[in-house]
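Accompanying notes for the structure given below.
The values are calculated or read from the model by the stated rules, or taken from the named source; none is laboratory data. Keep in mind that what you see is a predicted model, and the values were worked out from it rather than measured. Don't worry about glycine lacking a Cβ; one is built from the backbone with ideal geometry, like all the others, and counts go over all protein chains shown. Note: areas computed on protein heavy atoms with side chains; ligands, DNA, RNA excluded. Shrake-Rupley method; radii C 1.70, N 1.55, O 1.52, S 1.80 Å.
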Amino acid sequence: MTRAILAIDVGETRTMACAFSATDEVLFQKLVASDLTSRANAFRVMTDLIDEAQQVKELDITAIAVDAVGQVDPASGTWFGMSSLIKDNIPLAAMLQERYQLPCFALNKVYAAAFAELTHGIGQDSPNFVYLDVATHIAGRVVNHGRIINGTHQYAGEFGHTVVDFNSPIQCTCGRYGCVETFASATGMSNVAKRLIDQGERTVLQVDDTGCVTMKQIMSALSDGDAVAEMVVEQASRGIATLIANLIRAINPAAVVVGGYVVENSTFALRVTDHLDPEAMRLVDDGVTRTKLDWRLMAALGAMTYAQQQLKK
């Protein structure tokens with residue numbers, strides 16, 4: 001049997017179990033649909049995956065690390081609210097530890113991704129950087145002298161709620177108008193595309209069965225010269241570039257590392273690069289780069305490494 005740490009990566013739509021060896025080799029991996037409709041359902045999805053991983057004869061699971069969307073206190077392992085409708089605090093690490101009698105840890109999903117970048121990515125060369133995650137939503141973390149800034153309420157790094165358009169009529173979930181997330185995240189781009197479709201703009205874009213216009217569909221239409229896709233991508237890429245310039249001016253990092261499936265698309269990433277402010281860029285010693293880590297495994301890798309380090313302490 002091979003000793004392993006099991007990471008459970010809880011996203012808004014998918015939850016993944018990933019068992020890592022001491023040398024970061026993936027020994028087991030399974031992806032299922034998330035269910036954040038209730039505390040019991042979210043916990044059941046996690047425990048089903050853990051139970052299945054424990055049945056793998058070749059694995060000796062020695063610890064469990066969960067990274068999850070929402071506010072999470074890594075020190076106590078408390079998960080503060082799974083969605084905008086469910087705000088009860090969940091002692092997640094303690095619940096798992098009681099059930100499995102193993103060391104258990106819990107941390108925020110983007111915190112975990114930033115931790116992976118710190119331990120396996122650019123953090124090996126620079127202890128001062130900003131990690132920006134552009135996916136379903138937009139968030140990130142500031143890493144200062146090798147330490148991730150988490151904030152008083154474990155909510156530092158909600159960069160998607162940076163206002164970049166004071167004339168926007170679109171209200172963000174945070175209550176304000178003009179937040180970059182409302183048009184530059186995958187959800188935001190989908191919503192912009194749907195509004196343009198509703199306004200009668202000519203486009204090949206269509207709303208799918210889930211009520212979304214996907215990133216894949218938008219980028220495909222862009223390559224075919226679709227005018228609506230062009231408007232969506234141009235606005236989004238300018239928004240991300242403006243956000244990066246704001247972060248550079250406010251934080252003065254040595255580097256900005258961007259991850260998430262939106263910027264994984266090289267065409268979109270190039271658009272962002274084209275819009276970066278040269279005056280702001282001169283202040284970033286190591287520039288703005290895409291992460292070299294696998295965005296699909298990044299948070300799980302960070303959660304596992306966090307657990308690994310805590311166990312050594």
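Conditions tested, residue by residue: (1) in contact with a helix residue (DSSP H, G or I) (Cβ under 9 Å, 6 or more places away or on another chain); (2) closer than 30 Å to Gly151 by Cβ.
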position: Met1; (1), (2): no, no
position: Arg14; (1), (2): no, yes
position: Gln29; (1), (2): yes, no
position: Ala40; (1), (2): no, yes
position: Met46; (1), (2): yes, yes
position: Leu49; (1), (2): no, yes
position: Gln54; (1), (2): yes, no
position: Leu59; (1), (2): yes, no
position: Gly70; (1), (2): yes, yes
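What do you reckon, is Val207 under 24 Å from Ile148 (Cβ atoms) and either assigned to a loop (DSSP other than H, G, I, E, B) or open to solvent by less than 10 Å² (accessible area, probe 1.4 Å) (or both)? Lay out the reasoning, then the answer.
Numbers: under 24 Å from Ile148 (Cβ atoms): no; either assigned to a loop (DSSP other than H, G, I, E, B) or open to solvent by less than 10 Å² (accessible area, probe 1.4 Å) (or both): yes.
It is false that Val207 is under 24 Å from Ile148 (Cβ atoms) and either assigned to a loop (DSSP other than H, G, I, E, B) or open to solvent by less than 10 Å² (accessible area, probe 1.4 Å) (or both).
Are there any pairs, at least 6 apart or on different chains, whose C-beta atoms fall under 9 Å, with the first in region 192-207 and more than 11 Å from Met231 (Cβ to Cβ) and the second surrounded by 14 or more Cβ atoms within 10 Å (Cβ to Cβ) and of a type in the set (Lys, Arg), and if so, which?
Final answer for the pair search is Val207/Lys194.
In the list Glu25, Glu58, which residue meets the criterion of being without any contact (Cβ under 8 Å) to a residue 24 or more places away in the chain and either of a type in the set (Asp, Glu) or surrounded by 20 or more Cβ atoms within 10 Å (Cβ to Cβ) (or both)?
One residue alone meets the criteria, Glu25.
How many residues does region 254-264 contain that are in a loop (DSSP other than H, G, I, E, B) and within 20 Å of the chain's Cα centre (by Cα)? Can you show your working first?
Filtering region 254-264 for residues in a loop (DSSP other than H, G, I, E, B) gives 254, 260.
Keeping just the survivors that are within 20 Å of the chain's Cα centre (by Cα) gives 260.
Residues in region 254-264 being in a loop (DSSP other than H, G, I, E, B) and within 20 Å of the chain's Cα centre (by Cα): 1 in total.
For Gly225, all conditions in the list (1) among the small types (Gly, Ala, Ser); (2) under 23 Å from Arg195 (Cα atoms); (3) part of a helix (DSSP H, G or I) hold save one; what is the number of the exception?
(3)
Do we have Val213 as more than 21 Å from Val130 (Cβ to Cβ), open to solvent by less than 70 Å² (accessible area, probe 1.4 Å) and in contact with a helix residue (DSSP H, G or I) (Cβ under 8 Å, 6 or more places away or on another chain) here? Explain how you work it out, then say what you get.
Details: more than 21 Å from Val130 (Cβ to Cβ): yes; open to solvent by less than 70 Å² (accessible area, probe 1.4 Å): yes; in contact with a helix residue (DSSP H, G or I) (Cβ under 8 Å, 6 or more places away or on another chain): yes.
The answer is yes for Val213.
Which of the following residues is assigned to a helix (DSSP H, G or I), in contact with a helix residue (DSSP H, G or I) (Cβ under 7 Å, 6 or more places away or on another chain), open to solvent by 50 Å² or more (accessible area, probe 1.4 Å) and of a type in the set (Val, Ile, Thr): Thr267, Thr242, Thr305?
That would be Thr267, the only listed residue that is assigned to a helix (DSSP H, G or I), in contact with a helix residue (DSSP H, G or I) (Cβ under 7 Å, 6 or more places away or on another chain), open to solvent by 50 Å² or more (accessible area, probe 1.4 Å) and of a type in the set (Val, Ile, Thr).
Going through Leu36, Leu31 one at a time, which residue ends up being within 27 Å of Arg141 (Cα to Cα), part of a loop (DSSP other than H, G, I, E, B) and either among the basic types (Lys, Arg) or within 20 Å of the chain's Cα centre (by Cα) (or both)?
Numbers: Leu31 fails: part of a loop (DSSP other than H, G, I, E, B).
From the options Leu36, Leu31, the qualifying one is Leu36.
Condition check: at pLDDT below 95 and open to solvent by less than 10 Å² (accessible area, probe 1.4 Å). Does Ser84 satisfy that?
Values: at pLDDT below 95: yes; open to solvent by less than 10 Å² (accessible area, probe 1.4 Å): no.
Here the answer is no, as Ser84 does not meet what is asked.
Name the single residue, out of those in region 103-150 being in contact (Cβ under 8 Å) with a residue 24 or more places away in the chain and among the basic types (Lys, Arg), that is most open to solvent (accessible area, probe 1.4 Å).
Lys109
Please specify each residue of region 267-313 satisfying the condition of being small (Gly, Ala, Ser), more than 22 Å from Ile8 (Cα to Cα) and within 18 Å of the chain's Cα centre (by Cα).
Taking region 267-313 as the starting set, the residues that turn out to be small (Gly, Ala, Ser) are 269, 280, 287, 299-300, 302-303, 307.
Okay, now just the ones that are also more than 22 Å from Ile8 (Cα to Cα), so 269, 280, 287.
Answer for region 267-313, where residues must be small (Gly, Ala, Ser), more than 22 Å from Ile8 (Cα to Cα) and within 18 Å of the chain's Cα centre (by Cα): just Ala269.
Asn252: surrounded by fewer than 20 Cβ atoms within 10 Å (Cβ to Cβ) and either among the acidic types (Asp, Glu) or touching a helix residue (DSSP H, G or I) at 6+ places or on another chain (Cβ under 9 Å) (or both), yes or no?
no
Restricting attention to region 280-291, does a residue exist that is open to solvent by less than 50 Å² (accessible area, probe 1.4 Å), within 20 Å of Gly160 (Cα to Cα), touching an Asp or Glu at 6+ places or on another chain (Cβ under 7 Å) and in a loop (DSSP other than H, G, I, E, B)?
Yes, there is a match, as at least one residue in region 280-291 is open to solvent by less than 50 Å² (accessible area, probe 1.4 Å), within 20 Å of Gly160 (Cα to Cα), touching an Asp or Glu at 6+ places or on another chain (Cβ under 7 Å) and in a loop (DSSP other than H, G, I, E, B).
Could you look through region 185-204, keep only residues that are more than 18 Å from Val134 (Cα to Cα) and in contact with a Ser or Thr (Cβ under 8 Å, 6 or more places away or on another chain), and pick out the one that is least open to solvent (accessible area, probe 1.4 Å)?
Per the stated criteria, the residue is Leu196.
What about Asp73, is it charged (D, E, K, R), within 18 Å of Gly302 (Cβ to Cβ), surrounded by 15 or more Cβ atoms within 10 Å (Cβ to Cβ) and touching a Lys or Arg at 6+ places or on another chain (Cβ under 6 Å)?
Spelling it out, it is not the case that Asp73 is charged (D, E, K, R), within 18 Å of Gly302 (Cβ to Cβ), surrounded by 15 or more Cβ atoms within 10 Å (Cβ to Cβ) and touching a Lys or Arg at 6+ places or on another chain (Cβ under 6 Å).
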